[in-house]
Structure formats: C-alpha cells, structure tokens
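Chemist: Sharing a structure here in structure tokens format.
The values are calculated or read from the model by the stated rules, or taken from the named source; none is laboratory data. Here the structure is a predicted model, which means the values were calculated and not measured. Positions of Cβ are generated from backbone atoms using ideal geometry, with glycine treated the same way; all protein chains shown enter the neighbour counts. The protein model used for the area step is the full one, side chains on, heavy atoms only, and it has no ligands, DNA or RNA in it. Shrake-Rupley method; radii C 1.70, N 1.55, O 1.52, S 1.80 Å.
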Amino acid sequence: MTKTTHPFDLIILGAGPAGLAAAIYAARASLATLVIDESSPGGQVKTTHQVANYPGFIEAIPGYELAGNMRKQAERFGTKFELAAEIAAIDLAGREKWVKVDDVTYTTKYVIIATGSSPRLLDVPGEQEYKGQGISYCATCDGEFYKDKEVLVVGGGNSAMEESLLLLQFVKSITVIHQFDTLQAEKITADKIKANPKVDILWSHEPRKFDKKDDKMLTVVENLKTKELITLERDGVFIFAGMVPNTSLFKNTPLQLSEQGYIITNEKMETNLEGVYAVGDVRVKKYRQITIAVSDGTIAALEIIQKN
Amino acid sequence: MLQTALPTLKNKEELKELIDSSEKAVVCCGRMGPMCIPVYDILEVYREKYPDIQFRNMDFDTTDAAAIKSLPECRTFQGLPFTVYYRNGKVVKATSSIQTAKQIKDIISEVLA
C-alpha cells in the first residue's frame, strides 16, 4: 500500500550542482524542498579530482569537498534529501505532480529536473558481464592493473584521448577503436596520441561483442565501411564513449526532448510542461560546466520562488 | 588516505574483528577515485536504511588490504573498488568496479536479507 507524504513546494530530481544550487535558493526562500537522487549528492563534481576554475577558490578544491559543501549548504537551509533512491513512477503532466520512491509518493506543484548525464554504455554483449574484470571506464582507477599489458580504448573524443595519455604511463600498447575517420579530441591531445609509438588506431570500427578467454579479453569489432568482423585479443578494454543525458525516466511522459535525448527549455529553464523545469547538463545547451549548472539551478529556483 | 563519512578499517585486525563480530558486513576497498567515491557514498546512505548491516571502507593502498585483494572471490578483479559482502564470517558476494545504488540494493536483497 502506498504511503503518501506531506506535499512539498518543490521536488528536485538530481543532487548535482544544478539541483543543489536550486535547493539552496528554494529552501532559503522557505519553500519546502525535497531533493531526490538515485545515488549520492554531488553529481559529476564529486568524482572530479580537482576543480580549479570554480570562482572563489584561489587554489583548486577537490571535487568531493566542493560537492560536500554544496550539500551541507542545502541542508543548512532545510532541504530534505531522499538518496540512493529508485524512482518507481513519476507523473509530471498534471497540476499536481507526483514522484514514487519505493512505497512512498511525494507530491508537488513544481519539479526541477537536474538529473545530469552519465557515461554512455556501448550496450554490447559482455560489457556489463566483464565490467571490472577486463572492461574499465577509468584509467586513473584501473590503469595499474594493466602495467606492461596491451589494451583497447574505445572512443575518440577528449575523454578517450586524455585517458589514453594516462594509460600510456602503464601499458605496453593501446589500440584505439574509433567509429569515425578522425579523432574528435582537441588537436593538441589527438596529435600526442597519434605520435606515440605505443598507439595504433583502428578507424571506422565499433565493438560488437566482448568475451573472455582465460585472462584475455576478446573483442569482436566491425569495420563500418566493409562490415567485416574481426576479433582482437587484448589484456583489457577501456571504454570512453561520451556522455548521455539521464532522461530515460521521462520516456513515457509528454516532456519534450531533443533528438539526442536532452530536455528542451527556454531561458527561464521552463520545459513544455507547466511547473516543470530542467537545469544543468540534462538540458539542451552548448557548454556544460559547474558554473553554468549552478546558474541554471538558480534561475529555475528564482522563477519558482516568484510564483509562490 | 580515505576521506569519506564511511568508517575506515585501518588494518587487517579491524577487518577480522568486523567479520567475526557482525552477522552482516560490507567492505568497500578502494581509493578516492571516480569509481570508488560513489560506492562509499551509497554505502553511507545505506547505513541508515540497513541498520543491521555494518558498512566500512578500506584503503586499497595499505599493506593490510591484501586481506581483501587476496580473496579467491577477488582473484580476477581488475577494477576499483573491490566490494565484499560478508555473512556470518564468510564471503557471500564480491564485486569489482563501480556499482549503482540499485545494484548494491539488489545484492543486499540477494545475500544479506
């Protein structure tokens, strides 16, 4: 049986910097504010080693610390948190919106969507099965497990190339698998990778399957031009295939999304649904930075505060 | 050094004491990287949601972390963190690399319910 809680003035989905900035403003304006996150507060900031460009910090601040401070500040003004929460259902269409977490239903007139983005999974057989046992998403974390070994890197953007530069400190060789004929990374990084004798690049290829034989990873890759399939045997695979917006929760809602799945808003952060706003990396925008996320959250909160 | 709200096991003696004295325990052995921090934070949240389970972390770079690294269940692991679930002194599950809150919750339901 569902237990309905006391309604909130504002529910924020996502506890990254955009959501937390909105919470700080809203709670400080005495709006009963609930922040729901499927993980813990901080978003991508909490896992950023050092943040050097956030105004007000002369020395770089660890991302974990900055994220923690944002959370504490939101709590100080009375924000409630529902963390490590699995949202079972959501309704954004009516005047009263509701969000169901386990057997609890929260209601509100205003929702701010601040769900951010996550690393893209390839959605290829074997990817989840071998995560952490041959497949990795972090060179800093796992590079040393591949000392003097041969690895594949999937991706050709900035993250893939920067992580590859880190990996080169450990590995014997890197084969880059990239879907295009040119790297999308910044030229200076791309040139360093291309010039390194430990690196070779397989252009216009994509992985189709991962498997393991003894301690080796077997990766079936497809030549996108000829459709030929080949199997590459390496000690490990690192995947850096970009980011995707966290909007799968809204698939069956009338929320308007772009072709890439980002939420469309106006300058006030309003979506096409009355009372629903979107802020931070989840919305359509050109630049994705902490400062911009904070700005988005602030704007949305101020818009809602004015209506209350 | 781990700088999280989750209590940190300082050595293998503390790990042994935890396993021997707790019916249910979860130990996350890692560093302060992007795959580890989310797991520590989720376990910190779960300390309140599952008061009958002891949640700890352990620094992967300490010598005594060998007590986790050398477990047969962790032999093939190549991704941080190593998260080990104990019940009545025995390993009932172990995972490598980042886990979502749902994945951890599902494991708890499976082996520590």
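Chemist: With both partners inside chain A, how many of the DSSP beta bridges are antiparallel, as a percent to the nearest 5?
Modeler: The antiparallel proportion sits near 50 percent.
Chemist: Something else about it: Kirkwood-based Rg over Rh for chain A (C-alpha set), two decimals?
Modeler: 1.03
Chemist: Which helices, taking whole DSSP H runs in chain A, have alpha carbons extending 15 angstrom or more along the helix axis plus mean Kyte-Doolittle at least 0.5?
Modeler: Taking the DSSP H segments of chain A (at least 15 Å long, mean hydropathy at least 0.5), we get A:17-28, A:290-307.
Chemist: Accessible area per residue of segment A:53-170 at 1.4 Å probe, in Å²?
Modeler: Ligands and nucleic acids excluded, the result is 46 Å² per residue.
Chemist: Taking the Cβ of A:Ala185 as the center, what net charge do the other residues with Cβ under 13 Å away carry, scoring Lys and Arg +1 and Asp and Glu -1?
Modeler: Once positives and negatives cancel, what remains is -1.
Chemist: For segment A:215-308, what relative contact order do you get, as a whole percent, if you take Cα pairs closer than 8 Å and at least 6 residues apart? Write out the running numbers ahead of the final one.
Modeler: Working: 101 pairs, mean separation 16.0, N = 94.
Over segment A:215-308, the number comes to 17 percent.
Chemist: OK, next. Which is the longest part of chain A that has none of the GluC sites (Glu not before Pro) sitting in a DSSP loop with at most 11 other Cβ atoms within 10 Å?
Modeler: Working: sites that count: A:Glu59, A:Glu96, A:Glu228, A:Glu259, A:Glu267.
Formally, the longest exposed-site-free interval is A:97-227.
Chemist: A further question follows. Are there trypsin sites (Lys or Arg not before Pro) in segment A:211-308 that DSSP marks as loop and that have at most 13 other Cβ atoms within 10 Å, and which are they?
Modeler: Here the sparse-neighbourhood loop sites are A:Lys225, A:Lys227, A:Lys251, A:Lys268, A:Lys286.
Chemist: Tell me the mean residue ellipticity at 222 nm calculated for chain A from its helices only (DSSP H runs of n ≥ 4, each -39500 (n - 2.57), averaged over every residue, nearest 500).
Modeler: On the way: 6 runs with 67 residues, N = 308.
Mean residue ellipticity, 222 nm, calculated: -6500 deg cm²/dmol.
Chemist: Estimate the FRET efficiency between A:Asp200 and A:Asn53 by the formula 1/(1 + (r/R0)^6), using the beta-carbon distance for r and 41 Å for R0, to the nearest 0.05.
Modeler: 0.75
Chemist: At what distance in angstrom do the alpha carbon centres of segment A:187-246 and segment A:65-89 lie from each other?
Modeler: Using only Cα atoms to place each centre, the spacing works out to 38 Å.
Chemist: What residues have an amide H closer than 5 Å to that of A:Val35, excluding those fewer than 5 places away on the same chain, when H is modeled at 1.01 Å from N in the peptide plane?
Modeler: Under 5 Å from the amide H of A:Val35 lie the amide H atoms of A:Ile12, A:Lys80, A:Phe81, A:Glu82, each far enough along the sequence or on another chain.
Chemist: Once R0 is set to 45 Å, what does the formula 1/(1 + (r/R0)^6) return for the Cβ-Cβ distance between A:Lys100 and A:Lys172, expressed as a FRET efficiency to the nearest 0.05?
Modeler: Working: r = 51 Å, r/R0 = 1.13.
Efficiency computed from Cβ-Cβ geometry: 0.35.
Chemist: Give the residue list of GluC sites (Glu not before Pro) in segment B:11-51 that are DSSP loop and have at most 12 other beta-carbon atoms within 10 angstrom.
Modeler: Values: sites: B:Glu13, B:Glu14, B:Glu17, B:Glu23, B:Glu44, B:Glu48; in loops: B:Glu23.
Filter output for segment B:11-51: B:Glu23.
Chemist: Test of understanding: what is the full-extension gain from A:Lys227 to A:Thr291, defined as 0.36 nm times their sequence separation minus their Cα-Cα distance?
Modeler: 18.7 nm
Chemist: What does the charge count around A:Gly43 come to, taking other residues whose C-beta lies under 13 Å from its C-beta (Lys +1, Arg +1, Asp -1, Glu -1)?
Modeler: Net of charged neighbours comes to -2.
Chemist: Right, another one. If you take every DSSP beta bridge whose two residues both sit in chain B, what share of them, in percent to the nearest 5, is antiparallel?
Modeler: 60 percent
Chemist: Below 8 Å between Cα atoms, with a sequence gap of 6+, how large is the relative contact order for chain B in percent?
Modeler: That works out to 32 percent.
Chemist: Something else about it: Return the sequence-ordered ³J(HN,Hα) values of segment B:59-71 in whole Hz as given by the Karplus equation 6.51 cos²θ - 1.76 cosθ + 1.60 applied to θ = phi - 60°, using x for Gly and Pro.
Modeler: Taking θ as phi minus 60°, the curve returns 6, 4, 8, 7, 4, 6, 5, 4, 4, 8, 4, 8, 4 Hz for segment B:59-71.
Chemist: Take the alpha carbon gyration tensor of segment A:142-267, find the square roots of its eigenvalues, order them as a ≥ b ≥ c, and report rounded if a/c is under 1.5; if not, report prolate when a/b exceeds b/c, else oblate. The partial results should precede the final answer.
Modeler: Values: a/c = 1.96, a/b = 1.64, b/c = 1.19.
Because a/c hits 1.5 or more and a/b exceeds b/c, segment A:142-267 counts as prolate.
Chemist: Given a Förster distance of 22 angstrom, what is the FRET efficiency for B:Ser21 paired with B:Asp106, based on the Cβ-Cβ distance and rounded to 0.05?
Modeler: The formula returns an efficiency of 0.25 here.
Chemist: Under a Cβ-Cβ cut-off of 14 Å, what is the net charge of the residues other than A:Glu129 that fall near it, where Lys and Arg count +1 and Asp and Glu count -1?
Modeler: Summing Lys and Arg as +1 and Asp and Glu as -1 gives +1.
Chemist: In segment A:199-308, which chymotrypsin sites (Phe, Trp or Tyr not before Pro) fall in coil by DSSP and have 16 or fewer other Cβ atoms within 10 Å? Spell out each step's value before the answer.
Modeler: Numbers: sites: A:Trp203, A:Phe210, A:Phe238, A:Phe240, A:Phe250, A:Tyr262, A:Tyr277, A:Tyr287; in loops: A:Trp203, A:Phe240, A:Tyr262, A:Tyr287.
Of the chymotrypsin sites (Phe, Trp or Tyr not before Pro), the ones in loops of segment A:199-308 whose Cβ has at most 16 other Cβ atoms within 10 Å are A:Trp203, A:Tyr287.
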